[in-house]
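Scroll down for the structure; my scribbles are underneath it.
The values are calculated or read from the model by the stated rules, or taken from the named source; none is laboratory data. Bear in mind the structure is a predicted one, so any value in this text is a computation, not a measurement. Note that we place each Cβ from the backbone using ideal geometry, even for glycine, and neighbour counts take in every protein chain shown.
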Amino acid sequence: MQDVVVHGIVLGLYLLAMIGVGFYFYSRNKDQRDYLLGGRSLNPWVTAMSAQASDMSGWLLMGLPGTAFLILENNGLAEAVWTAVGLAIGTYINWLFLARRLRKSTQIYSDSITIPSYLENRFKDKTKILRTAAAIFIIVFFLIYTASQFAAGAKLFEAVFALDYRIALLIGTIIIVSYTFLGGFKAVCWTDLIQGVLMFIALILLTIVAISDVGGTGKVNELLSSPDIAGRLLSGSDWLGFETYGALGIASALAWGLGYFGQPHIITRFMGIKHSKEIKPARRIAMVWVIISLALAVVIGVVGKAYLSITMEPNTFASMDGEKVFIELVRVVFNGPGLAIIAGALLTAILAAIMSTADSQLLVTSSAVSEDIYRSIFKKDATDKQLMLMSRATVIVVAIIAALLALDSNSSVFSLVSYAWAGFGGAFGPAILISVYWKRMNAQGAIAGVVSGGVTVIVWKELIKPFFGLYELLPAFIISCVCIYIVSKMTAEPDKEIQDRFEDALKADI
């Protein structure tokens with residue numbers, strides 16, 4: 001039996017299992033709260049693994065290794081290293097400073113089940129401006145983010161099965177939509193647990209076997225020093241880029257960590273945990289997973305560069321898409337009878353990474369449409385049945401639009417994720433973080449922060465970044481914080497009821 005057939009069987013069995021999870025939870029979603037937030041019933045393991053798996057996405061196994069694969073070209077290795085460091089720090093700070101307070105606050109403030117509804121309820125904004133603006137930014141940036149995951153899925157099927165990119169894109173889209181449509185939040189979170197474990201094992205196994213198979217770290221360094229790659233032995237400065245990447249590049253990469261405070265598909269996991277006391281054990285699980293996974297993703301990009309330089313035809317190697325390094329390394333290392341099953345399982349890890357994020361993004365976008373636009377503005381008396389129908393219809397519509405955005409086979413997973421990550425971090429990060437720490441913040445300040453942060457990301461990315469290479473998230477985050485503070489101070493302070501509820505949220509044992 002050909003390896004590709006074995007890969008297909010393993011992938012197929014995995015996909016059937018994931019869709020089965022969706023069917024299992026289909027009848028267990030009794031209302032909109034179940035479908036969008038799982039009734040706040042997640043345990044620490046599911047919360048931690050779902051948050052991190054949906055966080056890292058296909059970017060972890062394709063985008064980050066693909067950036068490291070560049071080695072010295074465009075300072076790819078240094079960018080990958082500092083991005084990983086920024087994300088690890090951001091993950092910890094997010095769990096430490098935001099998770100517990102957000103879990104309690106979202107329940108205290110009218111049992112909010114979406115980020116826009118929380119912001120509206122937190123500040124008693126009766127104008128609907130804050131909730132609507134937040135929902136619009138969620139829809140816009142998640143279209144870009146979801147497109148990145150569909151592009152990653154298409155590259156996987158294209159590389160493994162030699163399919164046309166568009167056909168591969170269609171297959172991946174249908175698979176992801178199926179169980180998200182059916183099972184909602186609980187299906188997404190439980191499949192994320194499975195997918196997170198699979199990604200973790202795949203990274204460890206492939207790293208160990210590839211380094212051993214190529215002849216150890218000494219051989220890897222020797223191959224990297226060849227004229228076709230680095231031309232010399234890599235130094236610590238090459239890994240960290242102090243001389244070539246520079247302070248601006250390092251600051252841009254580290255700024256990725258600021259984005260965590262505003263990622264709806266991650267922080268809704270904090271909202272869904274059973275009790276705020278379970279945040280601490282969940283944080284520990286998450287940090288072990290994320291530190292090891294990020295480090296190994298960078299290593300795989302480097303080891304893959306060395307390994308594939310001697311196993312691929314020179315012309316093929318020279319023109320290879322670096323974001324396929326994990327895929328190609330799996331196919332080379334685990335080639336032949338018996339090993340094809342392991343290869344199929346490792347390739348499934350990429351699909352797991354893609355699915356774990358895309359499903360979360362589709363779900364959050366559907367909540368923005370059904371809860372924050374449809375019910376909030378057009379049909380306040382909508383029934384749970386109508387809202388769930390609207391949510392499921394939105395999943396399909398958003399998936400179609402995202403797939404159209406991903407039609408370009410040259411789409412970069414890393415760059416698409418970078419744009420969307422900045423969008424959420426700039427628009428929501430400061431507003432959400434400050435909202436759980438500063439009771440003087442008011443609705444006008446929140447609106448100013450959300451709008452200024454989101455708009456700055458778009459303007460900086462499209463008009464300023466081509467001339468000044470600083471990552472758009474950093475200026476957007478700073479501008480949003482400044483706008484929140486200045487506007488809140490220049491306008492009336494929140495009434496006593498709002499400030500009292502802020503104190504109640506801090507004291508609540510929920």
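What to note about this one:
- Residue within region 420-427 that is modelled with pLDDT of 85 or more, of a type outside the set (Val, Ile, Thr) and in contact with a Lys or Arg (Cβ under 8 Å, 6 or more places away or on another chain) present: yes
- Close Cβ contacts (under 9 Å, 6 or more residues apart or on different chains) running from residues in region 194-209 that are among the hydroxyl-bearing types (Ser, Thr, Tyr) to residues that are in a helix (DSSP H, G or I) comprise Thr207/Leu296; Thr207/Val299; Thr207/Ile300; Thr207/Val303.
- Residue list for region 403-413, restricted to those being outside any loop (DSSP other than H, G, I, E, B) and touching a Lys or Arg at 6+ places or on another chain (Cβ under 8 Å): Val413
- The combined condition, being touching an Asp or Glu at 6+ places or on another chain (Cβ under 6 Å), modelled with pLDDT of 85 or more and of a type in the set (Gly, Ala, Ser), is not fulfilled by Gly76.
Residue-by-condition table, conditions (1) closer than 13 Å to Gly66 by Cα; (2) in contact with a Gly (Cβ under 9 Å, 6 or more places away or on another chain); (3) not basic (Lys, Arg):
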| residue | (1), (2), (3) |
| --- | --- |
| Lys277 | no, no, no |
| Ile291 | no, no, yes |
| Val299 | yes, no, yes |
| Leu329 | yes, yes, yes |
| Ala349 | no, no, yes |
| Ile354 | no, yes, yes |
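- Residues located in region 414-466, provided they are closer than 19 Å to Ala492 by Cα, assigned to a helix (DSSP H, G or I) and either out of contact with any Leu (no Cβ under 9 Å at 6 or more places or on another chain) or of a type in the set (S, T, N, Q) (or both): Ile434, Ser435, Gln444, Gly445, Ala448, Gly449
- The residue that is nearest to Ile138 (Cα to Cα), among those in region 358-390 that are assigned to a helix (DSSP H, G or I) and charged (D, E, K, R), is Asp372.
- Filtered residue count, region 437-461, keeping only those that are more than 23 Å from the chain's Cα centre (by Cα) and β-branched (Val, Ile, Thr): 1
- Among the candidates Lys496, Lys439, residue that is in contact with a Phe, Trp or Tyr (Cβ under 7 Å, 6 or more places away or on another chain) and not β-branched (Val, Ile, Thr): Lys439
- Matching option when the condition is part of a helix (DSSP H, G or I) and in contact (Cβ under 8 Å) with a residue 40 or more places away in the chain, among Ile498, Ile478: Ile498
- Scanning region 203-220 turns up one or more residues that are within 19 Å of the chain's Cα centre (by Cα) and within 30 Å of Ala422 (Cα to Cα).
- From Glu503, Glu493, residue being at pLDDT below 95, over 19 Å from Ile144 (Cβ atoms) and part of a loop (DSSP other than H, G, I, E, B): Glu493
- Residue, surrounded by the fewest Cβ atoms within 10 Å (Cβ to Cβ), within region 104-144, restricted to residues that are out of contact with any helix residue (DSSP H, G or I) (no Cβ under 7 Å at 6 or more places or on another chain) and in a loop (DSSP other than H, G, I, E, B): Lys126
- Test: residue in region 245-261 that is touching a Ser or Thr at 6+ places or on another chain (Cβ under 7 Å), in contact (Cβ under 8 Å) with a residue 24 or more places away in the chain, among the hydroxyl-bearing types (Ser, Thr, Tyr) and buried (at least 19 other Cβ atoms within 10 Å of the Cβ): yes
- Scanning region 271-292 for residues that are aromatic (Phe, Trp, Tyr) and either at pLDDT below 90 or out of contact with any Phe, Trp or Tyr (no Cβ under 8 Å at 6 or more places or on another chain) (or both) returns no hits.
- Flag if Ala134 is touching a residue at least 60 places away in the same chain (Cβ under 8 Å), within 23 Å of Leu362 (Cβ to Cβ) and out of contact with any Ser or Thr (no Cβ under 6 Å at 6 or more places or on another chain): yes
- Subset of region 482-500 [crowded, with 19+ Cβ neighbours inside 10 Å, in contact with a helix residue (DSSP H, G or I) (Cβ under 6 Å, 6 or more places away or on another chain) and of a type outside the set (Gly, Ala, Ser)]: Cys483, Ile484, Val487
- Number of residues in region 469-510 that are more than 30 Å from Tyr419 (Cα to Cα) and among the β-branched types (Val, Ile, Thr) equals 3.
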